[in-house]
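Colleague: Below is the structure I would like to discuss, written out as structure tokens.
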Amino acid sequence: MTTELRCQSCYMPLKEAKDHGTNTDGGQNDDYCCHCYASGAFTYESTYEQAVEDNIPWWKSEGMSDDDARNAIRAVFPKLKRWAYVG
């Protein structure tokens with residue numbers, strides 16, 4: 001069984017090479033997505049709470065409230081490398 005790679009900052013699936021962030025040498029980074037990480041650095045600085053709020057629109061599925069999305073994010077983000085200090 002293959003484990004699906006997910007961004008360790010926002011949890012986006014890393015399905016294709018274009019989805020991956022890049023290291024300083026331009027090589028593919030398997031920990032972070034192209035939106036969160038480029039050229040060996042995070043593309044934005046954020047607190048944990050800011051990241052939770054910023055990701056609500058991307059996490060909401062049809063009929064899901066902001067609070068439901070917020071709770072789902074808070075259940076996952078502390079398990080990710082970037083936010084592990086929170087958990």
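Colleague: How large is the Rg to Rh ratio of the chain when both quantities use alpha carbon positions and Rh follows Kirkwood? Please list the in-between numbers first.
Modeller: Numbers: Rg = 13.3 Å, Rh = 13.5 Å.
My calculation of the ratio gives 0.98.
Colleague: What lysines does LYS60 reach when the alpha-carbon gap must be under 21 Å and sequence neighbours fewer than 8 apart in one chain are set aside?
Modeller: Straight-line reach from LYS60, under 21 Å: LYS15, LYS79.
Colleague: In debye, nearest 20, what is the charge dipole magnitude of the chain about its Cα centre with +1 on Lys and Arg Cβ and -1 on Asp and Glu Cβ, if you could check?
Modeller: Working: 9 positive and 14 negative charges, 44 e Å.
Here the chain has a charge dipole of around 200 debye.
Colleague: Helix 66-76 against the longest principal axis of the chain: what's the angle in degrees, Cα atoms only, rounded to the nearest 10?
Modeller: 50
Colleague: Taking amide H atoms as placed 1.01 Å from N in the peptide plane, list the residues 5 or more away in sequence, or in a different chain, whose amide H sits under 5 Å from that of CYS34.
Modeller: HN-HN under 5 Å from CYS34: HIS20, GLY21.
Colleague: Can you pull the percent of the chain's accessible area that's carbon plus sulfur, 1.4 Å probe, other chains left in place? Present the calculation step by step, with values, prior to reporting the outcome.
Modeller: On the way: 2790 of 5590 Å².
The value for the chain is 50 percent carbon and sulfur by accessible area.
Colleague: Would you mind getting the accessible area per residue of the chain, heavy atoms of the protein chains only, 1.4 Å probe, in Å²? Walk me through the numbers before you get to the answer.
Modeller: Working: 5590 Å² over 87 residues.
Normalised by residue count, the accessible surface of the chain is 64 Å².
Colleague: Helix 48-59 sits at what angle to the longest principal axis of the chain, using alpha carbons and giving 0 to 90 degrees rounded to 10?
Modeller: 80
Colleague: Could you tally the net charge around TYR32, taking each other residue with its Cβ under 9 Å from the Cβ of TYR32, Lys/Arg +1 and Asp/Glu -1?
Modeller: Working: positive: LYS81, ARG82; negative: ASP30, ASP31.
Spelling it out: positives minus negatives among the neighbours equals 0.
Colleague: Per DSSP helix of 4 or more residues, -39500 (n - 2.57); summed, then divided by the residues of the chain. What does that give at 222 nm, rounded to the nearest 500? Display every interim value, and only then the final one.
Modeller: Numbers: 2 runs with 23 residues, N = 87.
That comes out to -8000 deg cm²/dmol.
Colleague: By how many nm would the segment from ASP67 to ALA41 grow when fully extended, if each residue of separation counts as 0.36 nm and the alpha-carbon distance is taken off?
Modeller: On the way: separation 26, 0.36 × 26 = 9.36 nm, distance 3.02 nm.
Value of the extension gain: 6.3 nm.
The values are calculated or read from the model by the stated rules, or taken from the named source; none is laboratory data. What you are looking at is a predicted structure, and each value in this text was computed from that prediction instead of being measured. Every residue, glycine among them, receives a Cβ derived from its backbone with ideal geometry; neighbour counts consider all protein chains shown. For accessibility, only protein heavy atoms count, side chains too; no ligands or nucleic acids. Shrake-Rupley method; radii C 1.70, N 1.55, O 1.52, S 1.80 Å.
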